[in-house]
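Report on one structure; see the data block that follows.
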Amino acid sequence: IYNSVSCRLASQIPDVCRTEDCCLGIDEAGRGPVLGPMVYGICFCPVSKKQELKDSKVADSKTLTEAERENLFEKLDEAKSYVGWALQILSPNTISTSMLQRTKYNLNALSHDTAIGLVQYALDNGVQLKEVFVDTVGPADKYEDKLSKLFPGIEVTVRPKADSLFPIVSAASICAKVARDRVVKGWNFSEDLGGVDTDYGSGYPNDPKTKAWLLKYLDPVFGYPQFVRFSWSTAQTLMDSKGVTVHWDDDDEDGEKAAQRKNNKSMLSYFSASAGSNDQNPTHQTHRFFTDRRLKSLDTL
């Protein structure tokens, strides 16, 4: 399976989460990198189990080593009698096409909609949500107000650095980061790149290893493989400087005008023989494709 599309992964919903009041945390991993997906994660458990979750030593995933994150994710998965999780993996392709579509859809809007979709997923599956904690994207008060209006009856708390303040957000952070690390490490390239060098560093634009990888795998005509977020300025700058120059004709400039400007013949000129010209003295050599089929260019109907 290739990684060009987005997908959702989720645990089983613990029975206790359908009968007891629950808290839910939301966090993401991979917002900034130019390589790989962005992953949104939710984690939820009964409010009565908050202390048990805290005792498991969950912490902001950025403060943990990869081995520590993997170990804590396994612990969360083993606590499936009262902990549930869900992940939305947004492919680089989804992110870039969203950001570059004609109607602007920026990363904040995409993040908000993904988070909202995951909360709705939990509700649709019977989780009795009473509290939601979110690591902010954009102004915290506006985001909190937006979520509170969408989910009346649920106490919503949006804070900067929520992943270091609330254990349930730390748990969501760990789920999201572990998933992104695994996807990046096991990325299945749909393009035929031969033996791909997987030493691409952190994936962040200022990482020298990432920059070197971007230079190595830039095709001057076709750009980047779908592992790269081509809407990122880092990728766009390299494509502009190293790629083949392409001129996109304006919508109000037809093919004839564009050809004249570039001092080329337009393809349409084939059909624009002047009235009265005859086949005995053609203005151009007719291709065999037309003569074999006895096709002629008409100037009148």
- the range 148-174, residues that are among the small types (G, A, S), under 23 Å from E20 (Cβ atoms) and over 24 Å from the mean Cα position of the chain (by Cα): S148, G153
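Condition check ((1) outside any loop (DSSP other than H, G, I, E, B); (2) in contact with a Ser or Thr (Cβ under 7 Å, 6 or more places away or on another chain); (3) in contact (Cβ under 8 Å) with a residue 24 or more places away in the chain) across all residues:
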| site | (1), (2), (3) |
| --- | --- |
| V156 | yes, yes, yes |
| C175 | yes, no, yes |
| A179 | yes, no, yes |
| T198 | no, no, no |
| N206 | no, no, no |
- Query: If you go through the range 168-183 one residue at a time, how many are out of contact with any strand residue (DSSP E or B) (no Cβ under 7 Å at 6 or more places or on another chain), open to solvent by 10 Å² or more (accessible area, probe 1.4 Å) and not basic (K, R)?
  - Reply: 1
- Sole miss for D163 among (1) touching a Leu at 6+ places or on another chain (Cβ under 9 Å); (2) in a helix (DSSP H, G or I); (3) open to solvent by less than 10 Å² (accessible area, probe 1.4 Å) is condition (1)
- Looking at the range 139-154, which of its residues are surrounded by 15 or more Cβ atoms within 10 Å (Cβ to Cβ) and not in a helix (DSSP H, G or I)? F151, I154
- Message: So for the range 186-204 (the condition being under 25 Å from G30 (Cα atoms), of a type in the set (D, E, K, R), under 22 Å from the mean Cα position of the chain (by Cα) and modelled with pLDDT of 90 or more), does at least one residue qualify?
- Response: no
- Look at the range 230-249 and say how many of its residues are assigned to a loop (DSSP other than H, G, I, E, B) and touching a helix residue (DSSP H, G or I) at 6+ places or on another chain (Cβ under 9 Å). 5
- Message: Please pick out the residue among S56, S6, S61 that is closer than 30 Å to T237 by Cα and of a type in the set (S, T, N, Q).
- Response: S6
- Query: Where residues in the range 1-54 are under 28 Å from the mean Cα position of the chain (by Cα) and β-branched (V, I, T), which of them is surrounded by the fewest Cβ atoms within 10 Å (Cβ to Cβ)?
  - Reply: I1
- Cβ pairs under 7 Å, 6+ apart or interchain, first in the range 208-232 and farther than 21 Å from V183 by Cα and touching a residue at least 12 places away in the same chain (Cβ under 8 Å), second open to solvent by 10 Å² or more (accessible area, probe 1.4 Å) and among the basic types (K, R), ordered by first then second residue, are L218/K242; P220/K242
- Filter result (open to solvent by 30 Å² or more (accessible area, probe 1.4 Å), within 13 Å of the chain's Cα centre (by Cα) and in contact (Cβ under 8 Å) with a residue 24 or more places away in the chain) within the range 98-123: M99, L100, N108
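Answer yes if at least one residue in the range 57-72 is closer than 17 Å to I174 by Cα, part of a strand (DSSP E or B), touching a strand residue (DSSP E or B) at 6+ places or on another chain (Cβ under 8 Å) and of a type outside the set (D, E), and no otherwise.
No: the range 57-72 contains no residue that is closer than 17 Å to I174 by Cα, part of a strand (DSSP E or B), touching a strand residue (DSSP E or B) at 6+ places or on another chain (Cβ under 8 Å) and of a type outside the set (D, E).
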- Considering every residue within the range 216-224, establish whether at least one is charged (D, E, K, R), assigned to a loop (DSSP other than H, G, I, E, B) and either modelled with pLDDT under 60 or more than 24 Å from L298 (Cα to Cα) (or both). no
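Residue-by-condition table, conditions (1) of a type in the set (D, E); (2) under 20 Å from A162 (Cα atoms):
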position	(1), (2)
A29	no, yes
K62	no, yes
D77	yes, no
S91	no, no
S98	no, no
- Query: Taking the range 184-216 as the search range and keeping residues that are among the aromatic types (F, W, Y) and open to solvent by 10 Å² or more (accessible area, probe 1.4 Å), which one is farthest from E68 (Cα to Cα)?
  - Reply: F189
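The values are calculated or read from the model by the stated rules, or taken from the named source; none is laboratory data. From a predicted model like this one, the values you see are computed outputs, not experimental measurements. For neighbour counting, all protein chains shown are included, and Cβ atoms are generated from backbone atoms with ideal geometry for every residue, glycine included. All accessible areas refer to the heavy atoms of the entire protein, side chains included, with ligands and DNA or RNA removed. Shrake-Rupley method; radii C 1.70, N 1.55, O 1.52, S 1.80 Å.
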